[in-house]
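Here the structure is laid out as structure tokens; the discussion comes afterwards.
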Amino acid sequence: MTDTATAPAPVTAPAATPVRRSGLRHTAVTVALLAPAGLTIAALVLAPLTLVVRNSFAAADPYGGIRGGFTLANYQALLDPVYLKVFGYSLGMAALNTVVCLVLGYVVSYYLAGRPPQRQGLLLLLIVVPFWTDFLVRTFAWINLLSPGGPVNGLTDAIGLTDGPAHWIPSQGASFVGLVYAFLPTAIFPVYAVLRGVDPALGEAARDLGCGWWGVHTKVLLPMVRPGLLAAALLTFVPTLGVFVIPVLLGGGKNELVGNLIVTLYTEFRNQPMGAAASVVLLALMIASIAVFGTAAGRLRRKTS
């Protein structure tokens, strides 16, 4: 009896599976759908940003143009105490505006979250409707409100806070009022979005256990709305750094923010490379702020998980 060995079957390469073809088709469709947005971002964001960064290292000609070359003189000039004062003032105003907007935003959000659901929508609409008007128009409205003979001056004179007509405009106080008004909604909505998801029974339970009004907010509610506070701080602090209309119209340009400095360098000084350098420094400050808030949010997420 003999054993017969069966020859092994030849190994053939596996054919392309339908799953792979489906994956390739899905990738092609995704790329095709994202291509218009990607091209738009590249043309309207990346290309101008690249040009600004390149111009920040160029030299300026006597007529306000760009002569070319590569130099660090523009960034070295920004180390002058005059420009450093502008950057420091901008950071201070942005921080102060953020703190005030967070406090007012939390108070308003707490009030909104405590209203009946049908009234919350109406109150939110009342907050949003004024901001459907153009930003410049709303700033001019504040000029009318704070100008001599306006209702604010009339009120302060009537209650005896001022001796004679008060000059709100131009002033640093008027500029700060305009900043708070401009960015308060961006602080309200993130905090409200988190606070409305908090069970009101938690505050009631804390009060039943002997916790006072201050303790309910500091020990119960505020720790729960920290993500909303961080988002509100980011949405308030970063845009405040680049504002230039409000300090000019309400502050008279006496205390410039970085945005005013950039406009001045481009228009009045006719120094485009230095204006581009100031823009790059402002962009770096914004990126650093985003990184700080992102790091804080990540630590908060890991702590609560």
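Throughout, read-outs are computed from the coordinates displayed, never taken from laboratory work. Everything quoted here is computed from the prediction, not taken from an experiment. Note that we place each Cβ from the backbone using ideal geometry, even for glycine, and neighbour counts take in every protein chain shown.
Cβ-to-Cβ counts within 10 Å put Val31, Val52, Val107 in ascending order as Val31, Val107, Val52, the fewest first.
Helix 272-304 and the long axis of the chain differ in direction by around 70°, with both axes built from C-alpha atoms. Gly121 sits among other residues whose Cβ lies under 15 Å from its own Cβ, and their net charge, with Lys and Arg +1 and Asp and Glu -1, is +3.
If I take all pairs of Cα atoms in the chain, what percentage of them are more than 24 Å from each other?
Details: 32110 of 46360 pairs.
The calculated P(r) of the chain puts 69 percent of pairs beyond 24 Å.
In a fully extended conformation the segment linking Val45 and Ala297 would gain 88.0 nm over its present Cα-Cα distance, using 0.36 nm per residue. Against the longest alpha carbon principal axis of the chain, how many degrees, from 0 to 90 and to the nearest 10, is the axis of helix 172-195 turned? With both axes taken from Cα atoms, the answer is about 40 degrees. Between the exposed loop cleavage positions of the chain, defined as chymotrypsin sites (Phe, Trp or Tyr not before Pro) in a non-H, G, I, E, B DSSP state with at most 14 neighbouring beta-carbon atoms within 10 angstrom, the longest gap is 71-268.
Using Cα pairs under 8 angstrom and six or more residues apart, how large is the relative contact order of region 194-258, in percent? Result for region 194-258 is 25 percent.
Sum up the charges of everything whose Cβ sits under 15 Å from the Cβ of Val198, counting Lys and Arg as +1 and Asp and Glu as -1, but leave Val198 out.
+3
Taking amide H atoms as placed 1.01 Å from N in the peptide plane, the amide H of Gly68 lies under 5 Å from those of Ala59, each 5 or more residues away in sequence or on another chain.
In terms of surrounding Cβ atoms within a 10 Å radius of their Cβ, Ser22, Ser175, Ser147 rank from fewest to most as Ser22, Ser147, Ser175. Name the residue farthest towards the positive end of the dipole of the chain from the options Trp213, Ser171, Ile159, assuming +1 on Cβ of Lys and Arg, -1 on Cβ of Asp and Glu, about the Cα centre. Result: Trp213.
How much space per residue, in cubic angstrom, does the convex hull of the C-alpha atoms of region 109-230 take up?
157 Å³
Give the lysines reachable from Lys254 as a straight Cα distance under 23 Å; neighbours fewer than 8 places away on the same chain don't count. Filter leaves Lys85.
Mean separation of Cα pairs under 8 Å and 6+ residues apart, divided by the residue count of region 73-304: what relative contact order is that in percent? It would help to have the intermediate numbers written out before the result.
Numbers: 245 pairs, mean separation 63.2, N = 232.
Contact order relative to length: 27 percent.
Please give the calculated 222 nm ellipticity per residue for the chain, where each DSSP H segment of at least 4 residues contributes -39500 (n - 2.57) and the sum is spread over every residue; nearest 500 deg cm²/dmol? The per-residue figure over the chain is -21500 deg cm²/dmol.
Under a Gaussian network description of the chain, with springs only between Cα atoms under 10 Å, the residue in Ala182, Ala206, Ala291 that fluctuates furthest is Ala206. Placing unit charges on the Cβ atoms only, positive for Lys and Arg and negative for Asp and Glu, gives the chain a dipole magnitude near 780 debye about its Cα centre. Taking a ≥ b ≥ c as the square roots of the eigenvalues of the Cα gyration tensor of region 235-305, is the shape rounded (a/c under 1.5), prolate (a/b larger than b/c) or oblate? Verdict is oblate for region 235-305. Angle of helix 226-241 to the longest C-alpha principal axis of the chain, folded into 0 to 90 degrees and rounded to 10: 70°.
Check cross-link reach from Lys303 to the lysines: straight Cα distance under 25 Å, and skip same-chain residues fewer than eight apart. Qualifying lysines at Cα under 25 Å: Lys219. Taken over region 98-158, the convex hull of the Cα atoms encloses 129 Å³ per residue. When you filter the trypsin sites (Lys or Arg not before Pro) in region 221-305 for DSSP loop state and at most 16 other Cβ atoms inside 10 Å of their Cβ, you are left with Lys254, Arg270.
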